[in-house]
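Student: Sharing a structure here in structure tokens format.
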Amino acid sequence: MGYYKLNFTPEKSDLIPELHERVADRMYNLFTSNGGLYIKIGQAIGANAAFLPKPMQVKFARLFDDAPQIPFSTVDQVFRSELGRPPCGPGGVFEIFEEQAVASASIAQVHRAKLWPQPGDTEEKWVAVKVQKPDVAKQMEWDLGAYRAVMWMFEHWAFDLPVYFVVDFISDHLRQELDFVNEANNARKTAEFVANEPRLAENVHIPRVYPEYSTKRVMTAEWIEGVRLSDGSAIRALMGEPNPLDSPSSLPASMPTKPLRGGVKAIMQVMVELFSAQMFNWGWVHCDPHPGNVIIRPHPSKPTRPQLVLIDHGLYVSVEETFKRQWAELWKGMLAGDFESVENITKQWGMGLPDLVASATLMKPTRLKRPDTRKGETKEESRRRREREAAFQEKMKSMSQYELSVLMKKRLKEFLTDTDRMPKALIFLSRNMRYVGIVLQNDKWNNQSLGSPVNRIKITGFWASRSLTQAPNLPFTQRLREWWHYLVFRSVMFSLDLAFWKNKVFLWIRQHLGLHPGEGFEDEMERTMRGLAKSNLGVDVASSAFEG
């Protein structure tokens, strides 16, 4: 950071891209050489790296690759320490335990195992065993201390940006991820919510946890045979849809050869509704819903239909009732373009630039309705203000790298006006929204790269508005008022529906004429959103800003 401080000057404006490159290399090497929570923190930064300089976008994206595995001898030691027995063999916890992990992440790795048969069992029971890497627990407090120091220097020395306020909140939640008993409890709680929601109970499954084989560092859960959402080609094959990328697809042998019903639209519909229910109804939000944590399988009792399986329940945020209601009202106001409603909530949260808040949350360009003439402003003053704003937008086109960076810093400060009042849960809710709405393209897929099979924003908006009618302890007259607002909101959303279907018809016509399909609904929003970020923040947003 001292290196940044010395070299980030107007005189060296032309060298700033090279400066970004060198700093990106140094940060990446720091995270990968230390491992453990350094990788996790790097991934947290990488999830939002699209608003960072280009070299950091490229480097930090690589932190999402599989982490190195610990050897089986270390796994054996963890088992003997936690459960008092080896993983398998005479007196072992399991009848069979596969020594090679099927997946490895920064904190733990997962092995496939088979339970010992019990009286009355009619079939074999295979499980997924999550084993925590020993070095993670040893390094955690040192790593979090280093993280705290780095964030302090970012705010008070290097960049003069308000970032330190998130340290305690993020650190507490990272600690929770190391407690697998807590993760097991999270999974059970989520399973109860799903079971009690008629719109999701049949379409979503949370794997059963075996508490008798679980501790703080070992967790055993039901093994799920299916296709991870991150494998776009296999997902398309499973659902019987063509793969426009022509990449090879191979389904696991356990998957049916006949496609499941509903197509990818059925999957995306359920996924958007699941996370909408978490945010607006339950106030209990899974904060790491990347595509590797979602599995699609044939429904056990209805094998022609898909079922979404959500795994990895280590990181959740519990949302208090007041904030949950504000979050729903914010969504309703954003989609209706209601400036006063959005501004009122963002002010309560210590945030400025309501248009930018709305655009960043919806991941689409949003211009909120406001009078041409601001309060206390004459028509002539209003005209001059708009002329100044237009002149400034033109001036930005000729700004140097240094000037644009200074502008971005200034706008970010205007965005976070009072960090003490900002609900910290917004950090993880925003991350959740980005993961659910848009994931990597090419060998991965998402609502965007599938040509927008469902209207994500409309579905989320309906859940937000409907949740306000179901809020507890509402007087009868207020509940009636909320229902009236909900009906009005549905009529407003009809215009969004028209835009969505207009785009779908346009794509269909071009496809059947043999022309290039053009932009999907989400693609069009991405293009215009990038222009909005350029004009508001003075930053070139990478396409990965619209990816998980």
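Student: Quick one: if the Förster radius is 35 Å, what FRET efficiency do residue 192 and residue 73 give, using the C-beta to C-beta distance and rounding to 0.05?
Tutor: The pair residue 192/residue 73 has a calculated efficiency of 0.35.
Student: Which pairs break 21 Å Cα to Cα here: 130/265; 133/189; 125/216; 189/265; 458/502?
Tutor: 130/265; 133/189; 125/216; 189/265
Student: May I ask for the net charge around residue 118, where only other residues with Cβ less than 13 Å from the Cβ of residue 118 are counted and Lys, Arg are +1 while Asp, Glu are -1?
Tutor: Details: positive: 114, 125; negative: 95, 121, 123, 124, 212.
Local charge sum for residue 118: -3.
Student: On a full-extension model of 0.36 nm per residue, what is the gain between residue 484 and residue 509, subtracting their alpha-carbon distance, rounded to one decimal in nm?
Tutor: Answer, rounded to one decimal: 5.2 nm.
Student: Between residue 172 and residue 386, 0.36 nm times their residue separation minus their Cα-Cα distance comes to what?
Tutor: Value of the extension gain: 72.5 nm.
Student: Using 0.36 nm per residue, how much length does the chain from residue 224 to residue 379 gain when fully extended, once their Cα-Cα distance is taken away?
Tutor: Gain on extension, residue 224 to residue 379, equals 49.4 nm.
Student: Now for a different question. Give, to the nearest whole percent, the P(r) tail of the range 82-188 beyond 24 angstrom, counting all Cα pairs.
Tutor: Percentage above 24 Å: 46.
Student: Can you quote the Å³ per residue value for the convex hull of the Cα atoms in the range 223-306, rounded to an integer?
Tutor: Details: hull volume 9.6 nm³, N = 84.
Taking the convex hull of the Cα positions in the range 223-306, it is 115 Å³ per residue.
Student: On to the next question. Counting only heavy atoms of the protein chains, get the accessible area per residue of the range 153-311 (1.4 Å probe) and round it to a whole Å² value. Could the numbers behind the result be given before it?
Tutor: Working: 6680 Å² over 159 residues.
Ligands and nucleic acids excluded, the result is 42 Å² per residue.
Student: Right, something else. Carbon and sulfur atoms: what percent of the 1.4 Å accessible area of the range 167-308 do they account for?
Tutor: 52
Student: Moving on to the next point. Return the FRET efficiency for the residue pair residue 258, residue 100: r is the Cβ-Cβ distance, R0 is 30 Å, and the value is rounded to the nearest 0.05.
Tutor: 0.45
Student: Can you pull the percent of Cα pairs in the range 155-228 with separation above 16 Å?
Tutor: Numbers: 1765 of 2701 pairs.
For the range 155-228, the fraction of Cα-Cα distances above 16 Å is 65 percent.
Student: Under a plain spin-label model, where a point goes 7 Å from the Cα along Cα-to-Cβ, how far apart in nm are residue 498 and residue 116?
Tutor: Result: 6.8 nm between the two label points.
Student: If you don't mind, another one. Given labels modelled 7 Å from the Cα in the Cβ direction, how far is it in nm from residue 322 to residue 344?
Tutor: Result: 1.6 nm between the two label points.
The values are calculated or read from the model by the stated rules, or taken from the named source; none is laboratory data. A quick note: this is a predicted structure, and the numbers were derived from the prediction, not measured. Quick reminder, even Gly has a Cβ in these numbers, built from the backbone with ideal geometry, and neighbours come from all protein chains shown. To get the accessible areas, we keep the full protein, side chains included, count just its heavy atoms, and leave off ligands, DNA and RNA. Shrake-Rupley method; radii C 1.70, N 1.55, O 1.52, S 1.80 Å.
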